[in-house]
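The values are calculated or read from the model by the stated rules, or taken from the named source; none is laboratory data. All figures in this text were calculated on a predicted structure; none of them were measured in a lab. Positions of Cβ are generated from backbone atoms using ideal geometry, with glycine treated the same way; all protein chains shown enter the neighbour counts. Calculation scope for accessible area: heavy atoms of the full protein, side chains included, ligands and nucleic acids excluded. Shrake-Rupley method; radii C 1.70, N 1.55, O 1.52, S 1.80 Å.
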Amino acid sequence: MADPSSYRPEPGQIPDSPGVYKFRDEHRRVIYVGKAKSLRQRLASYFQDIAGLHPRTATMVTTAASVEWTVVSTEVEALQLEYSWIKEFDPRFNVKYRDDKSYPSLAVTLNEEYPRVQVMRGPKKKGVRYFGPYGHAWAIRETVDLMLRVFPVRTCSAGVFKRSAQIGRPCLLGYIGKCSAPCVGKVTPEEHRELAEDFCDFMAGRTGAYLSRLEKEMHAAAEEMEYEKAARLRDDIGALRRAMEKNAVVLADATDADLIAVAEDELEAAVQIFHVRGGRVRGQRGWVTDKVEAVDTAGLVEHALQQLYGEEKGEAVPKEVLVPALPEDTPTLNQWLAERRGSQVSLRIPQRGDKKALMETVHRNALQSLALHKTKRASDLTTRSRALEEIAEALDLDSAPLRIECFDISHLQGDDVVASMVVFEDGLARKSEYRRFQIKSFEGQDDVRSMHEVVSRRFRRYLQEKLKTGEWAPEDGDDAGPEPEDDGRPKRFAYPPQLVVVDGGQPQVAAAKRALDELGIDDVAVCGLAKRLEEVWLPGEDDPVVLPRTSEGLYLLQRVRDEAHRFAIRYQRSKRGKRLKSGPLDEVSGLGESRKQALIKHFGSVKKLRQATIDQICEVPGIGRKTAETVAAALAQAVPAGPAVNTATGEIIEDETPASAGASSERGTEQ
């Protein structure tokens with residue numbers, strides 16, 4: 001590990017002008033490339049006190065052994081040079097997007113004498129026109145099959161084309177009218193190229209004028225009583241419309257735009273791009289990257305723009321690029337994009353309307369892509385084994401933690417305080433073992449106290465199960481709690497974990513450890529995962545354990561923590577919803593869900609039920625006299641809400657709204 005002061009440039013050496021800089025390690029490998037409006041100011045920021053740097057930046061500057069820079073005349077040149085160097089040197093500390101899969105595109109080989117329409121993957125080739133990328137190759141083939149009726153462009157390989165030319169007989173597509181058969185001279189090279197260019201124009205979104213022209217030709221043929229020609233044109237128009245329907249209209253103003261959305265956590269980010277041409281989604285693609293440098297959403301967007309358009313020119317760069325956050329140097333990026341397109345490009349954040357709604361859809365795709373990437377990574381047996389071994393090594397455990405339990409606290413400003421417990425066995429979620437808790441011992445917001453209560457309750461139940469089986473006998477004075485009845489069901493808390501993970505830092509870890517110590521449990525390890533820098537905290541330690549960025553163990557701990565957080569929030573929202581929707585019938589002891597619904601269905605509303613006599617209530621099927629008396633007494637004690645008033649007319653609105661009959665409790669809730 002190098003000391004940054006050992007290679008810091010002398011004062012005055014670094015020019016105060018735009019440029020690009022490279023950090024190299026002791027083996028002269030480039031490990032980071034960056035650009036700056038002012039090289040002097042930017043590089044000076046790397047040589048401050050290491051304690052003040054972001055942890056990832058600190059790792060980079062201590063790994064480096066030298067720094068060098070190149071001065072350029074404009075910020076646009078700096079942007080282009082940065083992209084070129086990242087492609088050339090592949091620095092380990094730069095954000096580099098990688099495709100989460102290989103997306104196929106619809107390609108038209110305009111660089112050949114007889115252009116060919118085909119599915120193509122991999123890097124783009126010069127002289128080939130691309131459309132997409134698409135999610136599936138079959139989607140391309142279905143679209144092409146519909147369009148070949150109108151644009152009979154060659155689709156065969158070079159070998160098939162050459163053989164047909166030699167024998168003087170076209171392939172089947174030539175006989176059925178889905179190829180113009182240039183191989184046997186049915187059309188000239190110029191006519192075939194014109195067909196290919198019309199195909200490209202239609203795929204690029206210029207559909208309206210072409211369809212209008214075909215409709216005019218169809219009507220003209222019908223007027224001249226050329227009915228066969230009119231019918232053929234009608235079928236051509238229908239085929240083109242079906243091809244267009246495969247890409248639903250999402251923007252009514254026939255917009256040409258790319259929408260870029262980002263989903264991220266502390267270690268990774270997923271980018272999704274929707275390509276909209278002529279108001280229709282023509283393609284979609286996604287990338288996933290490790291956040292190896294200190295970068296925010298705006299920085300991720302800038303890197304995505306560089307990778308997306310770094311090698312594109314002309315119409316491949318759309319008129320409009322919609323992003324979730326504007327990069328720091330937006331004017332420079334705008335100029336760079338305009339130079340690549342050859343005309344003005346608008347880079348902005350959608351604020352309202354259809355574009356904002358579509359951006360939300362793209363963002364949901366990005367979230368799903370990130371979750372899928374993490375799930376795939378966690379599902380591999382070898383990866384899970386390595387993750388458990390890394391956790392055991394980092395936390396100094398005797399063996400790999402085959403069962404991990406994680407606890408999280410959730411509330412809304414101190415109301416509806418709940419907790420969750422999720423279980424991972426052998427690195428995979430065991431959802432049947434998930435449990436939920438209501439905080440009972442106090443009211444208000446105190447995450448530390450809540451964590452102590454929940455861990456105590458969970459492991460007190462564990463000791464009760466051990467007591468029943470004779471595995472554990474409490475000493476005098478130990479409180480094992482009431483012994484549960486043996487109902488033959490699987491025991492909820494019978495199996496102890498090897499590791500307890502809490503969502504939080506030192507205070508939450510200390511509370512969980514104190515709860516275990518009070519119960520005399522000393523064979524369960526405890527740690528906490530703090531969200532800010534993904535640090536792992538151990539009981540009694542002043543400094544956290546920092547797992548490597550690429551550690552599979554850290555990924556597993558993250559998944560466990562995120563699952564506990566999701567499960568807790570879901571329960572907290574459910575409780576809040578029930579509280580807000582609860583009605584007076586929910587307070588009636590012994591009145592189940594079915595009979596609540598029967599009462600509301602019979603009387604129509606709580607207001608009419610409140611006005612009913614006990615005998616009338618007894619008329620409801622399933623309601624006995626004792627229950628009817630209980631219902632009537634409860635409704636008499638409940639204070640009805642004030643009347644609703646129409647603020648426009650001052651009219652009192654009658655309360656005829658059925659009360660909520662409540663919601664049934666979910667399985668797995670520890671009351």
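One residue stands out in segment 417-447 among those that are assigned to a loop (DSSP other than H, G, I, E, B) and of a type in the set (Asp, Glu): the one that is nearest to ALA530 (Cα to Cα), namely ASP446. Exactly one residue out of THR70, THR62 is touching a residue at least 60 places away in the same chain (Cβ under 8 Å) and among the polar types (S, T, N, Q), and it is THR62.
Conditions tested, residue by residue: (1) at pLDDT below 75; (2) not in a helix (DSSP H, G or I).
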position	(1), (2)
PRO496	no, yes
PRO507	no, no
LYS513	no, no
ARG532	yes, yes
VAL560	no, no
ASP586	yes, no
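Taking each residue of segment 326-351 that is within 14 Å of ILE260 (Cβ to Cβ) and looking for partners that are open to solvent by 50 Å² or more (accessible area, probe 1.4 Å) and assigned to a strand (DSSP E or B) with beta-carbon atoms closer than 8 Å, six or more apart or interchain, yields LEU326/ARG348.
Within segment 542-561, if we keep just the residues that are acidic (Asp, Glu) and free of Cβ contacts under 8 Å to residues at least 12 places away in the same chain, the residue that is farthest from HIS373 (Cα to Cα) turns out to be ASP542.
Of the helices (runs of 4 or more DSSP H) that lie entirely inside segment 1-117, not one contains 3 or more residues that are in contact with an Asp or Glu (Cβ under 7 Å, 6 or more places away or on another chain) and open to solvent by 60 Å² or more (accessible area, probe 1.4 Å). Has segment 356-376 got at least one residue that is without any contact (Cβ under 8 Å) to a residue 12 or more places away in the chain and within 20 Å of TYR83 (Cβ to Cβ)? No, that holds for no residue. Identification of helices (runs of 4 or more DSSP H) wholly contained in segment 122-204 with 1 or more residues that are polar (S, T, N, Q), surrounded by 15 or more Cβ atoms within 10 Å (Cβ to Cβ) and at pLDDT 90 or above yields 158-167.
Every residue, every condition in (1) over 18 Å from THR361 (Cα atoms); (2) out of contact with any strand residue (DSSP E or B) (no Cβ under 8 Å at 6 or more places or on another chain); (3) open to solvent by 20 Å² or more (accessible area, probe 1.4 Å), yes or no:
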position: ALA269; (1), (2), (3): no, no, no
position: ILE273; (1), (2), (3): no, no, no
position: GLY283; (1), (2), (3): no, no, no
position: VAL295; (1), (2), (3): yes, yes, yes
position: GLN306; (1), (2), (3): yes, yes, no
position: LYS313; (1), (2), (3): yes, yes, yes
position: ASN334; (1), (2), (3): yes, no, yes
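Report yes if some residue within segment 401-420 is at pLDDT below 85, over 22 Å from GLY505 (Cβ atoms) and either in contact with a Cys (Cβ under 6 Å, 6 or more places away or on another chain) or open to solvent by less than 10 Å² (accessible area, probe 1.4 Å) (or both); otherwise report no. No, every residue in segment 401-420 fails to be at pLDDT below 85, over 22 Å from GLY505 (Cβ atoms) and either in contact with a Cys (Cβ under 6 Å, 6 or more places away or on another chain) or open to solvent by less than 10 Å² (accessible area, probe 1.4 Å) (or both).
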